[in-house]
1. Modelling each spin label as a point 7 Å along the Cα-to-Cβ direction, I'd like the ARG105/ALA88 distance in nm, to one decimal.
2. So if R0 is 25 Å, what FRET efficiency would VAL16 and GLU51 give, r being the distance between their Cβ atoms, rounded to the nearest 0.05?
3. At a threshold of 8 angstrom on Cα-Cα distance, excluding pairs fewer than six apart, so keeping six or more, what relative contact order does the range 10-124 reach in percent?
4. Do any trypsin sites (Lys or Arg not before Pro) in the range 1-110 lie in a loop, going by DSSP, with at most 10 other beta-carbon atoms within 10 Å of their beta carbon, and if so which?
5. Please give the helix 29-38 orientation as an angle from the longest Cα principal axis of the chain, in degrees from 0 to 90, rounded to the nearest 10.
6. Nearest 10 degrees, 0 to 90: what angle lies between the long axis of helix 89-106 and the longest principal axis of the chain (Cα atoms)?
7. Can you give me the three principal axis dimensions of the range 71-124 from its C-alpha atoms, in Å, biggest first?
8. Could you put SER89, SER66 in order, starting from the residue whose Cβ has the fewest other Cβ atoms within 10 Å?
Amino acid sequence: MSIEQLQPATQQQASVYLPYIQGAKRNFLPFAISLYQKGVLEGHRKIEASENIPFVASWNIATLPSDLTRCRMQFDGNADLSYEVMMASFEFMSFLIELMENYKRYRVTDFSQAFYRKLLRIDE
């Protein structure tokens with residue numbers, strides 16, 4: 001399933017996240033919720049001056065925006081390159097919205113730099 005094939009979530013499903021998502025990001029919210037409900041995403045991490053590295057991200061699907069979502073990522077099909085991060089589902093939803101914005105702009109399925117900083121615990 002590609003991002004372009006996603007059907008938007010209902011207004012009722014989106015309304016739960018509206019207090020957490022501001023401005024223009026709300027336009028992507030119904031599609032981000034739909035992606036979130038899939039629980040898995042395949043993409044490529046862009047590496048400067050090198051080939052992109054494929055990844056598979058998977059996560060549990062929480063009911064409420066304040067519930068925790070555990071996201072696991074595995075790069076290049078290598079178990080040694082597996083990472084995991086937990087965050088509130090509204091925060092993860094925000095990262096999915098950024099991913100969708102980037103996809104629309106660049107046609108690359110990849111998370112933002114901020115997501116990778118959190119995943120790799122760089123700012124802790």
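Please treat every number below as a calculation from the coordinates, not as lab data. Bear in mind the structure is a predicted one, so any value in this text is a computation, not a measurement. As a convention, Cβ positions derive from the backbone with ideal geometry for all residues, glycine included, and neighbour counts pool all protein chains shown.
1. Here the answer is 2.5 nm between the modelled labels.
2. Details: r = 39 Å, r/R0 = 1.57.
That gives a FRET efficiency of 0.05.
3. On the way: 163 pairs, mean separation 24.9, N = 115.
Relative contact order, the range 10-124: 22 percent.
4. ARG107
5. That works out to roughly 60 degrees.
6. Approximately 70 degrees, to the nearest 10.
7. 31, 25, 18
8. Numbers: SER89 23, SER66 11.
Least to most surrounded, the residues fall as SER66, SER89.
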